[in-house]
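The values are calculated or read from the model by the stated rules, or taken from the named source; none is laboratory data. These figures come from a predicted structure and were not determined experimentally. Counting neighbours? That spans all protein chains shown, and the Cβs are built from the backbone with ideal geometry, glycine included. Note: areas computed on protein heavy atoms with side chains; ligands, DNA, RNA excluded. Shrake-Rupley method; radii C 1.70, N 1.55, O 1.52, S 1.80 Å.
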Amino acid sequence: MTSINLKGEKESNDAVAAEEFKVNLTKVIAKYFKDPTKVYNVDETGLCTNKLPSRTYVSANALSRGGFKQPKTRVSLLLGGNMAGEKLKPVVIGKAKRPRAFGNMQISSLPVYYEAQSNAWMSSQIFWRWFLEHFIDEMEQRHGESFEVCLIMDNCTSHPPQIADLDHRVMVLFLPPNTTALIQPMDQGVIANFKVIYHDMLYKKTH
């Protein structure tokens, strides 16, 4: 298996390119990946880990409450899953190689893959390592060593195109430029819902 360019020639209209990709992707899935557990999508997002609510309720006759400065602790996440709704183990990218909050905990025992980068952003090196050391391993555990899966992602600079040639068992499909807001599966409410649940748990823990 190898990568397939599903981008049409009409690049001037993002909506048109998105529709063309959807049509071609439907054909690829129907031909090669009828099992929804074999079609995966990943996407990055930023997360303010200790962000507090910016609004609150007060009595009608109360004076306006003084504001506060929001904390700026931020990490990057790589979230993913398949068409059947099964999640991939997330990647968390922070600035510190070993944050104080980890204490004596073994990083390998965390429910996420933790990476460190000076600005807490995804890099091609981190993505490359995730693909080879973690994604492939997860696929072998789920589908066996002779697995064949499809991995859909955007074409940002941290996703090197050469990754499509690293393992013949993975068909890598890159979304056309400037279409991720329209057709990126993880952007269709999955990431937003994750953040809502995370901050809800955070607020409950701090009150």
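Points worth noting:
- Label-point separation in nm, LYS72 to ASP35, each point 7 Å along Cα→Cβ: 4.8
- Close amide H pairs (under 5 Å, H built 1.01 Å from N) link LEU151 with TYR40, MET171, VAL172, LEU173, residues at least 5 positions away or on another chain.
- Between GLN125 and MET201, the simple spin-label model (points 7 angstrom out along Cα→Cβ) gives 3.0 nm.
- With an a/c value of 1.5 or above and a/b not larger than b/c for the gyration tensor axes a ≥ b ≥ c computed over the alpha-carbon atoms, segment 74-123 is described as oblate.
- Peptides 158-166, 107-115 ordered by packing proxy, namely the average of other Cβ atoms within 10 Å per residue, highest first: 158-166, 107-115.
- The 1.4 Å probe gives accessible areas that order THR26, THR45, THR73, THR179, largest first, as THR26, THR73, THR45, THR179.
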